[in-house]
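Chemist: Below you will find the structure I want to go over with you.
Please treat every number below as a calculation from the coordinates, not as lab data. None of the values given here were measured: they were computed from a predicted structure. All Cβ positions, glycine included, derive from the backbone under ideal geometry; neighbour counts span all protein chains shown.
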Amino acid sequence: MKYYLSAMEERLSDDQKEMLKLIYEPQTVGVPLEDARKSMCILPDGEIRVYGFMYGDNRPYKESDNFLKPAYISSIDCGLSWSPHYSKGNMGSCTYIPEKNFFINAYSSQDKENAGTFVKISLIGPEDPAPREIKISDSCYFDMFLPQISEYSNKIWFSAQRKNDEGRCIPAFIFSDDFGESWTIKELALPDKPEVFYPHKDVRWNHGSGTEPYVAELSKSKMMMIIRTPTDFFYQSFSYDGGDTWTYMEPSVFHGTDTTAYLLKLSDGRTVAFWNNTQPLSEIRHDSQGLLKGDAEWVSSGRGEDAFTNRDANHAAITEDLGESWIGFRELHLNSVRNNSDFRYIGRKYSLDKSVHQFQAYELPYEKILVAMGQNAVSRKLIIFDINWLYENSRKETFIDGLQSVSTQVYLKSTSGCTASFGNGHCSWNRTNGAVMMPDPEGRPIDCVLISKYHDDRLLNDIQGVVWNFPASKQGEVSAEIKIIEKRIRISLSDRWFNPCDEYAGALSQFTFELDNNDIGNSFNKIIIKYDTDTGISKVYNSSRLLFNVKINGNAKCGLSYIIIQCATDGDSKGAYLRSLEKN
């Protein structure tokens, strides 16, 4: 069991114990003070701290001003409530090593007089004003995570990356076998530079975009590293000798592009993965985008990104067999500002990024997990959920809570590229609602979702849609209660999230078909899709009447987890109404 779990439980009142036990689905309990990665730590007495900065903009803190002060929020009730404090020490977020009763963290410095990578070691804790420092390397490794200690040996490690002469980021596993006194660095070989494949028509950000490796100890004899890439998949590597050697990087089962993943080893040996199981819009020719002059060269050469369209949904899955298979693929959180028409500007004083990618997580008592996620105060969250939620195999959506559980955003024409110098967004586009809630067309006193298509010069394209997540499975049944008003709709089942307006969502999904009034008539009908990814066939029914079979496109190693319903006809269309979605 984790060293802190019993201490946490002892601090809880009876009411707090009941409150924590009753959390099941993901529940927001707070907002981190900075972007998620390594700011959260747990002290020996069970106190949780999340470090960052309070009050002001992102100008460097100086004693003479009041702009940005080091601070932390603290919880002594397993994350149920938080209190703010200014930080007066020089350690900050760190890892407690119970075997030797000390605290450790890592950082890098580009100071010309003493550049390099360091660890700080303290016997006091996060607020130590003068921790001991040990230099690891003259090279600067960055985007590091907090150090971890092995369950089976004295090994302490953390992962980071280093930029090489070509501008590519090299993943590194950095470890000590003597409780932090001396360190060894193992750099991993990168895969070949990614090529451009359909439907992409130009390169993605692949220089300096990062590998941001994270390493988890799955068992005594197996470690797993997961890295971000500019492809449509995260890559993975394994070590079977404590990190001395690593297998060649290869694609994992996790979809995701230029986002950062995280792995949490639980006390019982299972491991939970956190990542963005999302597909960005296809890359168009960068010379046709009207990029700002300073950005055009960066983007066209792969050194910059035009826009992130895949950072508004994040996910979790769990493995019981050391990463051989994964369960869940559940949508953990949707960006609360995903439909904002001022997306490029909102929260500008906190951060230019506005996403729900990047994670840090800890196990809590009663099979709960606390996870920090996201970038920018307008979108990052602290969330608690029950591990057993990942094992559900059914879900139903009736839109009684509106559109909070689905993605419907479409993109407004926006300035492309990273324009941080203007302070108006980081590789982002403004958005607005596509599909919306409208009165039931058959007179029921509730609203339904209307998915339509009308030309609008303000939009990137006119496609509207609804994207909904369900627990992943290789065989299952998904249904949608639909009334088609005009023309036809496209329905796709996929193993990942797509943008609702993605014109290629159907072509890239495992099962796709279209329906019109000739198939289902003019009233609401329950469309049932019975799928089997092993046989490669799904059967589409109108209630109990079989309409047709659909053949699989590609594979889905971990099953399907999304339905995408789009109004993607030629020209304008009044579209279709959607009353409910269900997965059995």
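Chemist: Translational D (Stokes-Einstein, µm²/s) of segment 302-362 at 10 °C and 1.306 mPa s when Rh comes from the Kirkwood sum over C-alpha pairs?
Modeler: Diffusion coefficient, whole number: 113 µm²/s.
Chemist: Same structure again: Express the relative contact order of segment 5-391 as a whole percentage, based on alpha carbon pairs under 8 Å and six or more residues apart in sequence.
Modeler: Once normalised by length, the contact order is 15 percent.
Chemist: Placing +1 at every Lys and Arg Cβ and -1 at every Asp and Glu Cβ, with all other atoms neutral, what dipole size does segment 5-391 have around its Cα centre, in debye to the nearest 20?
Modeler: Value, rounded to 20: 820 debye.
Chemist: Could you sort out which of Lys38/Lys69; Lys21/Lys222; Lys21/Lys100 sit more than 25 Å apart by Cα distance in this structure?
Modeler: Lys21/Lys222; Lys21/Lys100
Chemist: Placing unit charges on C-beta atoms (Lys and Arg positive, Asp and Glu negative, everything else neutral), compute the dipole magnitude of segment 227-326 about its Cα centre in debye, rounded to 20.
Modeler: 240 debye
Chemist: Let me ask something additional. How big is segment 240-348 in terms of Cα radius of gyration and Dmax, in angstroms?
Modeler: Answer for segment 240-348, Rg first and Dmax second: 18.1, 54 Å.
Chemist: Which of the pairs Lys539/Lys574; Lys88/Lys163; Lys155/Lys474; Lys396/Lys483; Lys155/Lys193 have their Cα atoms more than 30 Å apart in this structure?
Modeler: Lys88/Lys163; Lys155/Lys474; Lys155/Lys193, as the Cα separations exceed 30 Å there.
Chemist: At Phe197 and Gln27, where each label point lies 7 Å from the Cα along Cα→Cβ, what is the point-to-point distance in nanometres?
Modeler: For the pair Phe197/Gln27, the computed spacing is 4.2 nm.
Chemist: Give the residue from Ile284, Met224, Asn105 lying farthest towards the positive end of the charge dipole for segment 5-391; charges sit on Cβ (+1 for Lys and Arg, -1 for Asp and Glu) and the dipole is referred to the Cα centre.
Modeler: Of Ile284, Met224, Asn105, it is Ile284.
Chemist: What is the P(r) of segment 409-583, as percent of Cα-Cα pairs per 10 Å bin from 0?
Modeler: In whole percents, the pair-distance histogram is 10, 36, 33, 16, 5, 1.
Chemist: Counting other beta carbons within 10 Å of each residue's own, what order do His200, His357, His426 fall into, fewest first?
Modeler: Arranged by neighbour count, lowest to highest, His200, His357, His426 become His200, His426, His357.
Chemist: Oh, and also: Give me the aspartates and glutamates in straight-line cross-link reach of Lys354: C-alpha distance below 13 Å, same-chain residues under 8 apart excluded.
Modeler: Glu34, Asp35, Asp312, Asp342
Chemist: Semi-axes, largest first, in whole Å: what does sqrt of 5 times each Cα gyration tensor eigenvalue give for the chain?
Modeler: Here the semi-axes work out to 41, 27, 24 Å.
Chemist: I'd like the GluC sites (Glu not before Pro) in segment 348-449 restricted to DSSP loop residues with at most 12 other Cβ atoms within 10 Å, sorted by number.
Modeler: Counting only loop positions with at most 12 other Cβ atoms within 10 Å, the GluC sites (Glu not before Pro) in segment 348-449 are Glu442.
Chemist: Would you please name the chymotrypsin sites (Phe, Trp or Tyr not before Pro) within segment 419-513 that are DSSP coil residues with at most 15 other C-beta atoms within 10 Å of their C-beta?
Modeler: Those that pass, being in a loop and sparsely packed, are Tyr454, Tyr504.
Chemist: In deg cm²/dmol and to the nearest 500, what is the mean residue ellipticity at 222 nm of the chain if only DSSP H runs of at least 4 residues count, each as -39500 (n - 2.57), divided by the residue total?
Modeler: The per-residue figure over the chain is -1500 deg cm²/dmol.
Chemist: Any idea how far the Cα center of segment 96-145 sits from the one of segment 350-376, in Å?
Modeler: 23 Å
Chemist: Can you grab the distance from the C-alpha centre of segment 221-299 to the C-alpha centre of segment 161-175, Å, no decimals?
Modeler: 14 Å
Chemist: Amide H neighbours of Ile284 under 5 Å, counting only residues 5+ apart in sequence or on other chains, H built in-plane at 1.01 Å?
Modeler: Lys201
Chemist: Could you please tell me the mean projected area of the C-alpha convex hull for segment 502-560, averaged over all directions and given in square nanometres to one decimal?
Modeler: About 4.7 nm², averaged over all directions.
Chemist: Can you work out the Karplus-derived ³J(HN,Hα) for every residue in segment 121-131? Use 6.51 cos²θ - 1.76 cosθ + 1.60 with θ = phi - 60°, whole Hz, and x for glycine or proline.
Modeler: Whole-Hz 3J(HN,Hα) from phi for segment 121-131: 10, 9, 8, 9, x, x, 8, 4, x, 8, x.
Chemist: DSSP loop GluC sites (Glu not before Pro) in segment 444-499 with at most 16 other Cβ atoms within 10 Å of their Cβ, which ones?
Modeler: Glu486
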